[in-house]
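The values are calculated or read from the model by the stated rules, or taken from the named source; none is laboratory data. Every value quoted in this text rests on a predicted model; they were computed, and no experiment measured them. Cβ: placed from backbone, ideal geometry, glycine included. Neighbour counts: every protein chain shown. These area figures cover heavy atoms from the full protein model, side chains too; ligands, DNA and RNA do not enter into them. Shrake-Rupley method; radii C 1.70, N 1.55, O 1.52, S 1.80 Å.
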Amino acid sequence: MSLLERFGLPLMRKFDPETAHGLALKALNLGLAGGSGPVTSARLRTEVAGVVMPNPVGLAAGFDKNAQAIGPLAKTGFGFLEVGAATPRPQPGNPKPRLFRLSEDQAAINRFGFNNDGMEAIADRIDAARAPVPVGLNLGANKDSNDRSADFATVLQRVGGLVDFATVNVSSPNTEKLRDLQGKAALFDLLDRVMAIRDQHARGTAVFLKIAPDLSGHEIAEIVEVAMQTRISGIIATNTTLSREGLTSRHKGEAGGLSGQPLFEASTRVLAQISQLTDGALPLIGVGGVSNADQAYAKIKAGASAIQLYTAMVYGGVGLAGEIARGLDRLLQKDGFATLSEAVGTGRDAWL
């Protein structure tokens, strides 16, 4: 953690979480976060579904919803960035307050509801950015849409040539009935339409599916079946959870998706299950509760080819990405792995 972050983070926590989030983005754009670019090494360099990354530590969607800080974020150590979610039309999201810190649990609860500036503004910002790392966009659907499946395809058609990957987000708990699209028939229809657009307009764009952690084994198996049938590029496991098990914070009863440390074990178990079902046929990205190199390494060994951060930065700062990447490099070296890919899935059975 930089000296600036050591003094700045306690100050930021005096503001309400959403205000602090906005201030963090402004600080990034003022160059206050510093950094010289992605951390990399021969061990850390990796390729996920054709997306070449200098290291496997990425920024999860939600931090830079409107693609306002791509350039500064690319300097802080990340190996790839995911911005958004973007919907076809701008929308304000749910009423405030809608973001809550759970400091005692090293967690957060949000119920943003896909608040964003819309695909046109976001696409223009992505186009204007020049990042030294891959950039992807999380695709969303408008709350009042009559055809949410079409919304995902519409956003991909607009941005497909501008991004290295796109993520179909049907797992946010904050848009009513959105998670219903994870059902087998609905998911097949959605992904089939998205992949048709990808093949027509954005052949070089990898398409990932982001799923919820609150799924049964049968539901996970059905999602994997659909993913294989529709030829998507990979799966991101997982989004936020509706579970509140073990929480101690006074905000534990707030509605919305829970992220951070309490999600680590559940999300890693889902990751391992998908790894077992796909047996290497689909690249996986692990998300949920990663706040240090050991946890990143656990995700890699459970089956992830890359990992993503978000909530941990609330408590550890944006410099955490570089710290985790350097720590992961040391752990790979210690265990005798010449490349990250050699470690993927080697500890999966411990999570099954």
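Hey, rough spin-label estimate for VAL52 and GLN333, points 7 angstrom out along Cα→Cβ, what's it come to in nanometres?
2.4
Assign one of three labels to the chain, namely rounded, prolate or oblate, based on the Cα gyration tensor with a ≥ b ≥ c the square roots of its eigenvalues; rounded applies when a/c is under 1.5, prolate when it is not and a/b is larger than b/c, and oblate otherwise.
It comes out rounded by the Cα gyration axes.
Taking a threshold of 24 Å on the Cα-Cα distance, which of the pairs LYS26/LYS177; LYS177/LYS299; LYS75/LYS96; LYS14/LYS75; LYS14/LYS252; LYS26/LYS96 fall above it?
LYS26/LYS177; LYS177/LYS299; LYS75/LYS96; LYS14/LYS75
Please compute the modelled spin-label separation between GLU104 and GLU225, points set 7 Å along Cα→Cβ, answer in nm with one decimal.
4.4
What distance in nm separates the simple spin-label points at HIS201 and ALA255, each placed 7 Å from Cα in the Cβ direction?
Between HIS201 and ALA255, the simple spin-label model gives 3.3 nm.
Tell me the per residue accessible area of region 63-170 using a 1.4 Å probe; a whole number in Å² is fine.
34
Taking R0 as 22 Å, what FRET efficiency do you get between SER341 and ASP279 from their Cβ-Cβ distance, rounded to the nearest 0.05?
In this case the efficiency is close to 0.90.
Quick one: if you take sqrt(5λ) for each eigenvalue of the C-alpha gyration tensor of region 197-264, what semi-axes come out, biggest first, whole angstrom?
Semi-axis lengths for region 197-264 are 32, 15, 8 Å.
Quickly estimate the mean residue ellipticity at 222 nm for the chain, helices only: each DSSP H run with n ≥ 4 gives -39500 (n - 2.57), and the total goes over all residues, rounded to 500.
-11000 deg cm²/dmol
How much of the DSSP beta bridge set in region 1-123 is antiparallel, as a percent to the nearest 5?
For region 1-123, the DSSP antiparallel bridge percentage is about 80.
Which percent of the accessible heavy-atom area of the chain goes to carbon and sulfur, probe 1.4 angstrom?
C and S atoms contribute 51 percent here.
Let a ≥ b ≥ c be the square roots of the eigenvalues of the Cα gyration tensor of region 59-139; is it rounded (a/c under 1.5), or, if not, prolate (a/b larger than b/c) or oblate?
Oblate is the answer for region 59-139, as a/c is 1.5 or above yet b/c matches or exceeds a/b.
Using every Cα-Cα pair within region 254-298, state what percent have a distance larger than 14 Å.
Percent of Cα pairs beyond 14 Å in region 254-298: 53.
Which of the DSSP-defined H helices in the chain satisfy a minimum axial length of 24 Å, computed from C-alpha atoms, and a minimum mean Kyte-Doolittle hydropathy of -1.0?
Taking the DSSP H segments of the chain (at least 24 Å long, mean hydropathy at least -1.0), we get 184-201.
Once you have a ≥ b ≥ c as the square roots of the Cα gyration tensor eigenvalues for region 103-207, tell me rounded if a/c is under 1.5, and otherwise prolate or oblate according to whether a/b is larger than b/c.
oblate
Quote the FRET efficiency, to the nearest 0.05, computed for LYS26 versus ARG89 with a Förster distance R0 of 41 Å and r equal to the Cβ-Cβ distance.
Taking R0 as 41 Å, the efficiency between LYS26 and ARG89 is 0.95.
Determine ³J(HN,Hα), in whole Hz, for all residues of region 341-352 in sequence, where each value follows from phi through the Karplus function 6.51 cos²θ - 1.76 cosθ + 1.60 and θ = phi - 60°; x replaces Gly and Pro.
Karplus values, whole Hz, x for Gly and Pro: 4, 5, 8, 4, x, 6, x, 4, 4, 5, 10, 9.
Could you give the length gained by full extension between ALA150 and ARG13, i.e. 0.36 nm per residue of separation minus their alpha carbon distance, to one decimal place?
Length gained, ALA150 through ARG13: 45.4 nm.
Given a 10 angstrom Cα cut-off, can you work out which residue in LEU30, LEU242, LEU209 is the most mobile in a GNM of the chain?
Of LEU30, LEU242, LEU209, the most mobile in the Gaussian network model is LEU30.
How many Å² of accessible area per residue for region 229-352, probe 1.4 Å?
39
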